[in-house]
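Here's the structure we're looking at; comments come further down.
Every number in this text was worked out from the coordinates using simple rules, so none of it is lab data. This structure is a prediction, so every number in the text was calculated from the model and none was measured. Here the Cβ positions follow ideal geometry from the backbone for every residue, glycine too, while neighbour counts run over all protein chains shown.
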Amino acid sequence: MASIDIESVRKSYGPFPVLHGVDLTIKDGEFIVLVGPSGCGKSTLLRMIAGLEEVTSGEIRISGNRVNDLAPKDRDIAMVFQSYALYPHMSVADNMSYSLRLRKTAKEKIASAVGAAATKLGLDPLLERRPKALSGGQRQRVAMGRAIVRQPKAFLFDEPLSNLDARLREQMRAEIKKLHADLKATSIYVTHDQIEAMTLADRIVAMHGGIVQQVGSPLELYDTPANLFVAGFIGSPGMNFLEGRYVVSAEGDGKGASEGAGIRLSDGTVVPVARRTDIQPDAAVTLGIRPEHVVISDTGMLEASVDLVEPTGFGIILHLSLHGLPFKIFTLDRDALSAGPKVRVDFPRKYLHVFDEKGDRAD
Ligand SMILES: Nc1ncnc2c1ncn2[C@@H]1O[C@H](COP(=O)(O)OP(=O)(O)OP(=O)(O)O)[C@@H](O)[C@H]1O
Ligand SMILES: [Mg+2]
């Protein structure tokens, strides 16, 4: 197993920069998830760690050793792809043992490695089958098995579950998590699915436009997103945003730091917030609140019209218009099924997020 250090790593394809300087230290045994929208550079970063893509500048170290110029096969890293990339003419057992056979590993050693991995992944009854006689989930397990038998220093996963249906994805997600708890191998997992990121990661690396936006535990990103991008990306349905101005009222001044500050919305309503030290009075700000934190109340400070009611079974998503802009609530209260045509809402202060003019979190 290994630590992985990524230092000032940049990547350009010809004149086009794709990664703008990534710094990341991954601890031995850590499960890191790279998450972000399509095209943000996740696969490129992963492929550079694997050695499948050249590093334009900066340094990648595995267990402290610079690997920039090392061939993929000498990095001792296993990669699991979305496409599985199994050999169609080989049995499951042969697919799994392929890399060990290439390395001329002893027959008994191969048999025991394949046997152990197959048992771990529930593949024992399938070892003699060809990939085409397997379901998507079973193929995905073979691809993982093939990675496990090598006992690599680290695992790299590039959207390994995106070809599977929702139920199977959920199941495989739990299996990957159990596998990691068992093997404790350093893992980097790429996905654009924020639920996968939240559920699997020790730490999430949120990327956008070739730039790392925030690194932290899943709940750090959920509770204290560093900027509007992370706030909007993590959580489903996504965070609501309202434009406003930061105001400080004179009468609140003497009564403690959190008194007397608010965000004035376009209709003049002032939403009370904790006082911020790093925003000037009257500065333009964005107020954020997650759909699950909005409270419906007859005495709520804002009125919204109900556009659409979506029951999910578990809860209800209300699509509202607030000041003419879309706004969502998620609630477990089934009374919401008959909400409308208007509701009043409140924003509990402890759940409010404030972002400055540049979109950075204001504290
Ligand atoms: N070989 C290449 N030549 C030129 N541009 C490339 C090449 N490979 C990737 N890119 C560009 O680099 C950017 C990042 O691509 P990358 O595949 O890393 O994105 P990603 O975050 O993995 O996206 P997705 O979620 O769609 O897989 C994209 O804009 C892509 O078009
Ligand atoms: Mg990709």
Could you tell me the calculated FRET efficiency between Ser63 and Arg349, based on Cβ-Cβ distance and R0 = 41 angstrom, to the nearest 0.05? 0.30
Using only the alpha-carbon atoms, how far is helix 107-121 inclined from the longest principal axis of the chain? Give it as 0 to 90 degrees, nearest 10. 30 degrees
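Take the alpha carbon gyration tensor of region 273-335, find the square roots of its eigenvalues, order them as a ≥ b ≥ c, and report rounded if a/c is under 1.5; if not, report prolate when a/b exceeds b/c, else oblate. Don't skip to the end; give the middle numbers.
Numbers: a/c = 2.44, a/b = 2.09, b/c = 1.17.
Prolate is the answer for region 273-335, as a/c is 1.5 or above and a/b outweighs b/c.
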State the Cα centre-to-centre distance between region 263-279 and region 304-363 in whole Å. 18 Å
Along region 6-19, Karplus-curve 3J(HN,Hα) (6.51, -1.76, 1.60; θ = phi - 60°) to the nearest Hz, with x for Gly and Pro, reads 10, 10, 6, 7, 10, 9, 10, 9, x, x, 9, x, 10, 10
Considering amide H positions built from the backbone, and no H for Pro or chain starts, which residues 5 or more places from Val22, or on another chain, come under 5 Å of its amide H? Ser8, Val9, Arg10
Computed over the chain, the Cα gyration tensor eigenvalues, each multiplied by 5 and square-rooted, give semi-axes in Å (largest first) of 47, 25, 15
Mind giving me the nanometre distance, one decimal, between the label points for Ser305 and Glu54, set 7 Å out from Cα along Cα→Cβ? 5.9 nm
Quick query: amide H of Leu86 versus all other amide H atoms, modeled in the peptide plane; which residues come in under 5 Å with a sequence gap of 5 or more or a different chain? none
Can you tell me what percent of all Cα-Cα pairs in region 240-355 are more than 17 Å apart? 55 percent
Which FRET efficiency, nearest 0.05, do Asp182 and Asp223 yield, Cβ-Cβ r, R0 22 Å? 0.15
Compute the helix-to-body angle for 166-183: its Cα long axis versus the longest principal axis of the chain, expressed 0 to 90° and rounded to tens. 70 degrees
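Pull out a ≥ b ≥ c, the square roots of the eigenvalues of the alpha-carbon gyration tensor of region 1-87, then state rounded if a/c is under 1.5, prolate if not and a/b is larger than b/c, and oblate in the remaining case.
Working: a/c = 1.33, a/b = 1.09, b/c = 1.22.
Rounded shape, in that the Cα axes give a/c under 1.5.
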Looking at the chain, send over the antiparallel percent of its DSSP beta bridges, to the nearest 5. 75 percent
Could you pull out every residue, at least 5 positions away or on a different chain, whose amide H is within less than 5 Å of the one on Leu302? Hs are placed 1.01 Å off N in the peptide plane, and Pro or chain starts have none. Val345
Given the C-alpha centroids of region 105-171 and region 39-102, what is the distance between them in whole angstrom? 16 Å
